[in-house]
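Since the structure comes first, as structure tokens, the remarks are kept for the end.
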Amino acid sequence: MIEVASIKRGIVIDHITAGKGLLIFNKLNLASLGYPVVLLMNVPSGRMGKKDIIKIENFVDVDTAMLGLIDSSITVNVIESEHVTNKVRVSIPQDVKGLFTCSNPRCVTNTDSYVMPSFRLHDKKSCSYSCEYCEEITRVNLA
Amino acid sequence: MFFMKNLQGRHLISPNDLSLEEIRAIIELAHDMKRNRSKYSTLCQGQILATLFYEPSTRTKLSFESAMLRMGGSILGFSDANTSAVAKGESIADTIRVLGSYADIAVMRHPREGAPKLASEFSAIPLINGGDGGHQHPTQTLTDLLTIDTYRQRLDGLSVAFCGDLKYGRTVHSLIETLARYQGCKFYLVSPEELVLPLRQKEHLVKKYGSEIIECRRMEEALPHLDILYMTRIQKERFFNEADYLRLKNSFILDAEKMKLAKSDMIVMHPLPRVNEISYEVDRDPRAVYFPQAELGVYVRMALMAHLLGVSK
């Protein structure tokens with residue numbers, strides 16, 4: 001078993017479905033941070049069988065809406081003095097701005113670049129969202 | 001007595017922006033404006049309507065202009081994006097910001113779906129959606145509701161058939177969604193397979209409003225049961241290719257023979273312009289109300305603008 005030391009101060013993105021860790025690592029652009037970051041893959045987990053974990057040795061803004069869209073099983077832990085001071089369980093967000101584009105080619109958000117595409121959750125099961133502008137349904141797949 | 005204070009200063013992007021009570025207030029004022037037109041001839045004196053038409057329109061544009069002129073107001077605007085600052089690359093946001101200082105109320109038609117909603121976010125004056133692509137056309141819906149209320153004296157408990165292009169026809173999408181909000185309306189959908197109402201909207205109507213929907217491939221199946229037959233044309237501009245348009249444009253033509261199957265008090269509506277989906281012989285049938293419907297469009301737009309401007313007599 002590979003041992004990774006606990007972090008003193010920073011963020012731990014835990015309970016990532018095995019195989020999605022690298023995607024999240026890239027989506028959060030963690031390679032450009034300049035802080036120590038560890039991506040652990042296929043870690044044994046009592047609850048999940050296997051899971052991925054990302055540890056970041058510093059505080060960074062983590063887009064929990066985006067994490068929720070990729071994997072709603074994730075928990076984000078804030079670590080201070082080696083203790084968890086806040087734990088956030090991400091979920092599929094109700095409202096999303098700018099994370100994906102509208103699937104309707106006639107939608108104004110696809111031509112007027114100054115508009116932030118905005119969506120409201122339409123169906124949690126299929127992870128589909130209704131465009132705030134044209135009301136077309138877009139199925140989200142950030143993978 | 002017909003004015004609702006809370007409509008003042010609001011935008012109208014979708015019929016869902018209006019409560020049923022607000023729709024009733026607009027319809028009642030429109031009825032009164034039709035009965036007593038001269039009473040309202042100076043209601044909007046000093047008010048200016050901006051018409052921002054990014055794609056061609058005859059009926060909607062002219063009826064808005066007529067509505068404002070009949071209330072003593074003035075109009076300005078453009079009817080072709082190629083002859084305005086838009087041709088120089090001006091954004092929707094900038095156009096509406098500027099026009100907002102030239103006028104008191106605006107109507108926008110745009111081929112891009114969601115464009116009026118976007119414009120409303122930058123507009124200092126009430127903005128009315130005059131049609132955005134295949135999406136919404138709320139003032140056509142209000143026109144249709146006023147027509148139904150005029151001829152059937154109610155908006156609930158009606159059996160309504162929508163015939164023709166139900167896939168791309170925005171007037172159908174807007175009207176069916178609004179009628180579904182009234183109690184007990186039953187919908188017959190008559191269209192070729194290629195132009196059926198989008199599944200998403202059908203599911204939404206059933207799930208949200210518990211609407212009763214009956215799909216037919218032939219008009220004759222629905223005709224004997226109807227209070228209202230709503231005809232639509234097959235819209236060329238919504239097709240991506242000419243061949244599909246030519247193949248489907250002659251589907252579902254209403255003629256005098258078919259009208260024999262309908263109830264004596266059924267009404268035939270059409271948002272106009274028609275192509276050939278209603279034979280000219282039907283025009284002589286008293287049940288054909290599509291021309292009075294177009295006239296009612298002026299009164300309902302007068303009533304709407306009066307409410308949004310907050311002008312009162």
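The values are calculated or read from the model by the stated rules, or taken from the named source; none is laboratory data. No experiment lies behind these values; they were computed from the predicted model shown. Using ideal geometry, Cβ is built from the backbone for each residue, glycine included, and neighbour counts are taken over all protein chains shown. Heads up: the accessible areas ignore ligands, DNA and RNA and are worked out on the full protein's heavy atoms, side chains in. Shrake-Rupley method; radii C 1.70, N 1.55, O 1.52, S 1.80 Å.
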(message) Am I reading the B/A interface right? What is its buried accessible area, both sides, 1.4 Å probe, to the nearest 100 Å²?
(response) 1400
(message) Per DSSP helix of 4 or more residues, -39500 (n - 2.57); summed, then divided by the residues of the protein assembly as shown. What does that give at 222 nm, rounded to the nearest 500?
(response) -8000 deg cm²/dmol
(request) Would you please give the residues with an amide H less than 5 Å from that of B:L12, counting only those at least 5 places away or on a separate chain, with H modeled from the backbone geometry? (result) B:L127, B:I128, B:N129
(request) Over chain A, calculate the relative contact order: mean separation of alpha carbon pairs under 8 Å at least 6 apart, over the residue count, as a percent. (result) 21
(message) For a quick size check, give me the Cα extents of the range A:95-139 along its three principal axes, largest first, whole Å.
(response) 30, 17, 13
(request) Can you figure out the FRET efficiency of A:V4 with B:R287, using R₀ = 60 Å and their beta-carbon distance, to the nearest 0.05? (result) 0.15
(request) Would you list, by chain and number, the lysines whose Cα falls below 29 Å from the Cα of B:K39, excluding same-chain residues fewer than 8 positions away? (result) B:K5, B:K61, B:K313
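Got the relative contact order for the range A:9-89 handy, in percent, Cα pairs under 8 Å and 6 or more residues apart?
Values: 151 pairs, mean separation 33.5, N = 81.
Normalised by residue count, the contact order of the range A:9-89 is 41 percent.
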(message) With a 1.4 Å probe and all protein chains kept in place, how much accessible area does A:V88 have, in Å² rounded to the nearest 10?
(response) 60
(request) Enumerate the calculated ³J(HN,Hα) couplings along the range B:72-80 in order (Karplus 6.51 cos²θ - 1.76 cosθ + 1.60, θ = phi - 60°), each rounded to whole Hz, writing x wherever the residue is Gly or Pro. (result) x, x, 10, 9, 8, x, 9, 10, 8
(request) Please give, to one decimal in nm, the separation of the simple spin-label points placed at B:S264 and B:V98, each 7 Å out from Cα toward the Cβ. (result) 6.0
(message) What lysines does A:K55 reach when the alpha-carbon gap must be under 21 Å and sequence neighbours fewer than 8 apart in one chain are set aside?
(response) A:K8, A:K20, A:K27, A:K87
(request) Taking amide H positions as placed in the peptide plane 1.01 Å from N, state which residues far from B:I105 in sequence (5 or more) or on other chains have amide H under 5 Å from it. (result) B:I48, B:A50
(request) Can you send over the solvent-accessible area of A:H83, 1.4 Å probe, protein chains only, in Å² to the nearest 10? (result) 130
(request) Work out the mean other chain Cβ neighbour count within 10 Å for the residues of A:107-117 and drop it here as an integer. (result) 5
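In the neighborhood of B:A93, defined by Cβ-to-Cβ distances under 14 Å, what is the net charge if each Lys or Arg adds +1 and each Asp or Glu adds -1?
Numbers: positive: B:R97, B:R112, B:K117; negative: A:D112, B:E90, B:D94, B:E121.
The answer is -1.
Net charge around B:I26, counting only other residues with Cβ within less than 14 Å of its Cβ (Lys, Arg = +1; Asp, Glu = -1)? Don't skip to the answer; put the middle values down first.
Details: positive: B:K5, B:R10, B:R24, B:K34, B:R301; negative: B:D17, B:E21, B:E22, B:E28, B:D32, B:D144, B:D149.
Around B:I26, the charge tally is -2.
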(request) Enumerate the amide H contacts of B:I214 below 5 Å, restricted to partners 5 or more residues apart or on another chain; note that Pro and chain-start residues carry no placed amide H. (result) B:F187, B:Y188, B:L189
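For the protein assembly as shown, give the percent of accessible area contributed by carbon and sulfur heavy atoms, probe 1.4 Å, rounded to a whole number.
Details: 10080 of 20520 Å².
The value for the protein assembly as shown is 49 percent carbon and sulfur by accessible area.
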(message) Within the range A:51-66, name every residue whose backbone N is under 19 Å away from a label modeled 7 Å from Cα of A:N86 along the Cβ vector.
(response) A:54-66
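In a shell of Cβ-Cβ distance under 9 Å around B:H225, excluding B:H225 itself, what net charge do Lys and Arg (+1) and Asp and Glu (-1) give?
With Lys, Arg at +1 and Asp, Glu at -1, the neighbours total 0.
What does the extension gain come out to for A:L142 and A:F100, with contour length at 0.36 nm per residue minus their alpha carbon separation?
Values: separation 42, 0.36 × 42 = 15.12 nm, distance 0.81 nm.
Contour length minus Cα-Cα distance gives 14.3 nm.
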(message) Checking the a/c ratio against 1.5 first, then a/b against b/c, what shape does the Cα gyration tensor give for the range A:1-85?
(response) rounded
